[in-house]
Structures are given as structure tokens and as C-alpha cells.
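Engineer: Starting off with a structure, shown below.
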Amino acid sequence: MTTPDAALRIVLPYYTGSGHTRRLAEAVAEGAGTARLIDVEAMTPKDWQALDAAEAIVFGAPTYMGSTAAGFDRFLEEASDRWPDLLWRDKIAGGFTVATFPSGDKLSALTRLAVYAAQMGMIWVGQAEIGAPVHPDRPGLNRSGSWLGLMATSSRDKTVLIEPEDLDTARRFGARIAAATLRWRQA
């Protein structure tokens, strides 16, 4: 049994096309305090072991044409080998996505990830940050108004990739995942 003060085992498998999703994954990991990032395009046996041993798995993929990118879908299909034995049952799960437009049909991508996690028997954790206009003192926080998971809009400035407001929201989402994982561990 893991002690409450032992490091949380949070793993973030992600696919990135142009670097935006990786940047978002880094911010989620920073907020979580400790997390392993896995580029699903370069999976190793140790990466699969880390996923199987994880307490929380936070899925990250860009939204392309209204769903998760095909590179990430291949990972999900391969990971579904764990379904018959429910190897990921009761792990905390969450998801994040990024697209060019503020809507960009990102909700469709998050829905795909949440349904996948439910089929794997995982416990889904959504976004809980309320920004402006409800709280004018929090401009830019959760500016997409997403509750199912983390949404970001890619920056037109390719040296930035993700705007600071979305990175702040990502860090807070990572902290929420870590808190939920710790709470679930102690349950």
C-alpha cells in the first residue's frame, strides 16, 4: 500500500502535432507537482508499465476536425488491450485538448476521452476554475468555459504556442488532478 506522503504517480500520455499539446502537458504536469509525460508517438515498454502503475492518467490530444488526432487514437486503440481485465479501473482520469479556434469543437474531443475513460472503469475529473465574466478579478482563467476537461486555444505566435492565461488554467487543472488523486488514494 502506498503511503499518503509518497509521490503521486500521475502520467500524461499526449500526442502533439506542432508542439502545442506538449506545452499544455508541461503546464498540467507543473501544476500536478510531479507527473510523467509520455509522447504516444514514442512509446516504450517502460511507458506502458508507468501507465499501468499510475494512480492517475490525464489524456492530452489536439482537436483536429472535431475529434482527437489520429496519432492519439492509435494509442487509445492499443491501450484498449487493458480493457478486458480492467487494468485501469479506479484510476483517476482527466483530459485536455487544444485547437486553433476558441470553440474548435474541442468539447467533442473531451467527450471522446471521457467516454474512453468510463469504458476503462476510470474516475473522471473535470475542470473547476471559474473566471471572468462571473469573477471579473480572474480574467482569462478557463476562458473557454470548459468543465468536462481542460481546453486551450493555440496561440498565433508560434514562439508562445499557448497563451499565458491557458497555461495558468492548465496548472490549476494539474493541481486539481493531484488533489483528486491524493483524496482517492486516502479513500
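The values are calculated or read from the model by the stated rules, or taken from the named source; none is laboratory data. In this text, all values refer to a predicted model and were calculated from it rather than measured experimentally. Every residue, glycine as well, gets a Cβ built from its backbone with ideal geometry; the counts of neighbours run over all protein chains shown.
Engineer: Quick one: in segment 27-50, of everything that is surrounded by fewer than 20 Cβ atoms within 10 Å (Cβ to Cβ) and touching a strand residue (DSSP E or B) at 6+ places or on another chain (Cβ under 7 Å), which residue is farthest from Ala70 (Cα to Cα)?
Structural biologist: Thr34
Engineer: I'd like the full set of residues that are out of contact with any Ser or Thr (no Cβ under 7 Å at 6 or more places or on another chain) and buried (at least 17 other Cβ atoms within 10 Å of the Cβ), limited to segment 156-170.
Structural biologist: Matches in segment 156-170: Glu165, Leu167, Asp168, Thr169, Ala170.
Engineer: Could you go through segment 146-162 and let me know if any residue there is farther than 29 Å from Leu86 by Cβ, in a loop (DSSP other than H, G, I, E, B) and modelled with pLDDT of 95 or more.
Structural biologist: Within segment 146-162 (the criterion being farther than 29 Å from Leu86 by Cβ, in a loop (DSSP other than H, G, I, E, B) and modelled with pLDDT of 95 or more), the answer is yes, since at least one residue qualifies.
Engineer: With respect to the numbered conditions (1) within 16 Å of the chain's Cα centre (by Cα); (2) over 20 Å from Gly174 (Cα atoms); (3) of a type in the set (Lys, Arg), which one is the sole condition not fulfilled by Arg36?
Structural biologist: (2)
Engineer: Now a separate question. Would you please name the residue that is farthest from Phe96 (Cα to Cα), looking only at residues in segment 1-26 that are among the polar types (S, T, N, Q) and either buried (at least 20 other Cβ atoms within 10 Å of the Cβ) or at pLDDT 95 or above (or both)?
Structural biologist: Among those residues, the one meeting the criterion is Thr16.
Engineer: More than 22 Å from Ala170 (Cα to Cα), surrounded by 13 or more Cβ atoms within 10 Å (Cβ to Cβ), at pLDDT 95 or above and touching an Asp or Glu at 6+ places or on another chain (Cβ under 9 Å) - does that describe any residue in segment 95-112?
Structural biologist: There is no residue in segment 95-112 that is more than 22 Å from Ala170 (Cα to Cα), surrounded by 13 or more Cβ atoms within 10 Å (Cβ to Cβ), at pLDDT 95 or above and touching an Asp or Glu at 6+ places or on another chain (Cβ under 9 Å).
Engineer: Another one. So how many residues does segment 51-65 have that are surrounded by fewer than 17 Cβ atoms within 10 Å (Cβ to Cβ) and either within 17 Å of Arg23 (Cα to Cα) or in contact with a strand residue (DSSP E or B) (Cβ under 9 Å, 6 or more places away or on another chain) (or both)?
Structural biologist: Total meeting the criteria: 1.
Engineer: So the check is Cβ under 9 Å with 6+ separation or different chains; which pairs have a first residue in segment 132-147 that's within 14 Å of Thr97 (Cα to Cα) and a second one that's among the polar types (S, T, N, Q) and surrounded by fewer than 17 Cβ atoms within 10 Å (Cβ to Cβ)?
Structural biologist: Ser144/Ser103
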